[in-house]
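Colleague: Would you mind keeping the following structure in view while I ask a few things?
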Amino acid sequence: MADRKDYDKRERRPRKRPAKLLEGDTKLNYKNVELLTNFITERKKIAPRRMTGCTSLQQRQVALEIKKARYMALLPYVVSHK
């Protein structure tokens, strides 16, 4: 039979962080590079939802805007090795 302590640990779930997009009244746009850099990793990959705290719809919009910014050469595709 499972211990009471083990049962309590399984039931707890981490708190959901609010999305960074909801802070303030900033618009999501590919030209807003400062905002988009919050959603990419140090390896310049698009960060997953569990890291960004976005909803699935917001995450798809963020990914689309990051891809537009990369295409327009506002954001890099990969880390430059110097």
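Read-outs: derived from the displayed coordinates by stated rules, not from any lab. Just so it is clear, the model here is predicted, and its values are computed rather than measured. With ideal geometry, Cβ positions are generated from the backbone for all residues, glycine too; neighbour counts draw on all protein chains shown.
Colleague: Step by step: first the residues of the stretch 64-82, then only those that are out of contact with any helix residue (DSSP H, G or I) (no Cβ under 8 Å at 6 or more places or on another chain) and part of a helix (DSSP H, G or I), then the one that is farthest from Glu23 (Cα to Cα). Which residue is that?
Modeller: Initially, the stretch 64-82 is screened for residues out of contact with any helix residue (DSSP H, G or I) (no Cβ under 8 Å at 6 or more places or on another chain), giving 64, 67-68, 70-73, 78-82.
Subset that is part of a helix (DSSP H, G or I): 64, 67-68, 70-71.
Values: Leu64: 20, Lys67: 22, Lys68: 22, Arg70: 24, Tyr71: 26 Å.
Per the stated criteria, the residue is Tyr71.
Colleague: Pairs, please: C-beta under 6 Å, at least 6 apart or cross-chain, first residue under 9 Å from Ile66 (Cα atoms) and in the stretch 23-41, second aromatic (Phe, Trp, Tyr)?
Modeller: Listed pairs, sorted by first residue: none to list.
Colleague: What number of residues within the stretch 56-71 are loosely packed, with under 11 Cβ neighbours inside 10 Å and either in contact (Cβ under 8 Å) with a residue 40 or more places away in the chain or not hydroxyl-bearing (Ser, Thr, Tyr) (or both)? Talk me through it step by step, then tell me what you get.
Modeller: At the first step, the residues of the stretch 56-71 found to be loosely packed, with under 11 Cβ neighbours inside 10 Å are 56-57.
When the remaining residues are screened for being either in contact (Cβ under 8 Å) with a residue 40 or more places away in the chain or not hydroxyl-bearing (Ser, Thr, Tyr) (or both), the result is 57.
Of the residues in the stretch 56-71, 1 are loosely packed, with under 11 Cβ neighbours inside 10 Å and either in contact (Cβ under 8 Å) with a residue 40 or more places away in the chain or not hydroxyl-bearing (Ser, Thr, Tyr) (or both).
Colleague: Only residues that are touching a residue at least 24 places away in the same chain (Cβ under 8 Å) and crowded, with 16+ Cβ neighbours inside 10 Å: list them for the stretch 45-55, please. Give the steps one after another, and end with the answer.
Modeller: Going residue by residue through the stretch 45-55, those that are touching a residue at least 24 places away in the same chain (Cβ under 8 Å) are 52-55.
Within the stretch 45-55, Thr52, Gly53, Cys54 meet the criteria.
Colleague: Looking only at the stretch 27-59, which residues are within 10 Å of the chain's Cα centre (by Cα), assigned to a helix (DSSP H, G or I) and under 21 Å from Leu74 (Cα atoms)?
Modeller: Scanning the stretch 27-59 gives Leu36, Thr37, Asn38, Phe39, Thr52, Gln58, Gln59.
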